[in-house]
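Engineer: Following this message is one structure expressed as structure tokens.
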């Protein structure tokens, strides 16, 4: 039942638990490279995609912060907790993440960004046991606050979210499948776009191939090692087969 509740709360907040994060990261970084190369189509795709991911990741991090905050009473004691969050701690139990997500949603509606400031303060308070709360979660709360304040752009926010970790791994592991995400981030770090393209969506692979098709129009195909008969339609067909 708790897992069911978590997914219900997440869905209500606009979070897609079924999202393939490895594919999303691959798409993001491939489109980012193409945009840097001046590809207008990729730039438009990236703008739309990063806005979508930023909204979803912001909602997810918000819930995750509330979920982790449920341990504060247990680790810090009542006297260390802000009185403004007293109603939150009265409603939740350390064993019920879904309820904490739900209660935190209400707190955020009432207190706004002030709730994230309080959460960062609680996480930064000494006394947390290993693998719970602490500075890693204070960083998460501050990043979300700064993004929602407009101090961190959607693109930078999404990029930082992909590599963001708490005490025991990817910050996304409270809901999403994250096992393959680390490999994508490593490939991006090494500029291994072959690996990124293998994990990217059909639409992004198509965008990459079209970029390459356009790029080579100004060169002698013999030097590029391609056939003179390669056409736009053939490249589209190749992308479809690769998918």
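Each reported figure results from applying straightforward, stated rules to the coordinates on display, with no laboratory input. Keep in mind it's a predicted model, so treat the numbers as computed, not measured. In this analysis, Cβ positions are derived from the backbone assuming ideal geometry, glycine residues included, and neighbour counts consider all displayed protein chains.
Engineer: With angles folded into 0 to 90 degrees, how steeply does helix 113-123 sit against the dominant principal axis of the chain? Use alpha carbons for both and round to 10.
Structural biologist: So the helix axis and the longest Cα principal axis differ by about 70 degrees.
Engineer: Measure off 7 Å from each Cα along the Cα-to-Cβ vector at residue 11 and residue 43, then give the distance between these two points in nanometres to one decimal.
Structural biologist: With each label point 7 Å from Cα toward Cβ, the separation is 3.9 nm.
Engineer: For the stretch 7-76 and the stretch 144-192, compute the distance between their C-alpha centroids and round to whole Å.
Structural biologist: Spelled out, the Cα-based centre of one part sits 8 Å from the other.
Engineer: Just need the relative contact order of the stretch 111-223 here, percent rounded to a whole number, with Cα pairs under 8 Å and 6+ apart.
Structural biologist: 15
Engineer: According to a simple spin-label model (label point 7 Å from Cα along Cα-to-Cβ), what is the distance in nm between residue 203 and residue 156?
Structural biologist: Using points 7 Å along Cα→Cβ, the separation is 2.7 nm.
Engineer: Here is a further query. Cα convex hull of the chain: how many Å³ per residue?
Structural biologist: 131
Engineer: Moving on to the next point. For a paramagnetic label modelled at 7 Å from the Cα of residue 121 toward its Cβ, which residues of the stretch 80-107 fall within the zone defined by backbone nitrogen distances under 13 Å?
Structural biologist: 80-86, by backbone N distance to the label point.
Engineer: With angles folded into 0 to 90 degrees, how steeply does helix 21-36 sit against the dominant principal axis of the chain? Use alpha carbons for both and round to 10.
Structural biologist: 60
Engineer: Then there's this: Going by how many other Cβ atoms sit within 10 Å of their own, how do 170, 201 line up, fewest first?
Structural biologist: Ascending number of Cβ neighbours within 10 Å: 201, 170.
Engineer: For the chain, take the longest principal axis of its alpha carbons; what is the angle in degrees between that and the long axis of helix 202-216, to the nearest 10 within 0 to 90?
Structural biologist: Helix 202-216 and the main axis of the chain meet at about 40 degrees.
Engineer: Taking 8 Å as the Cα distance limit and 6 or more residues as the minimum spacing, I'd like the relative contact order of the stretch 2-198 as a percentage.
Structural biologist: 28
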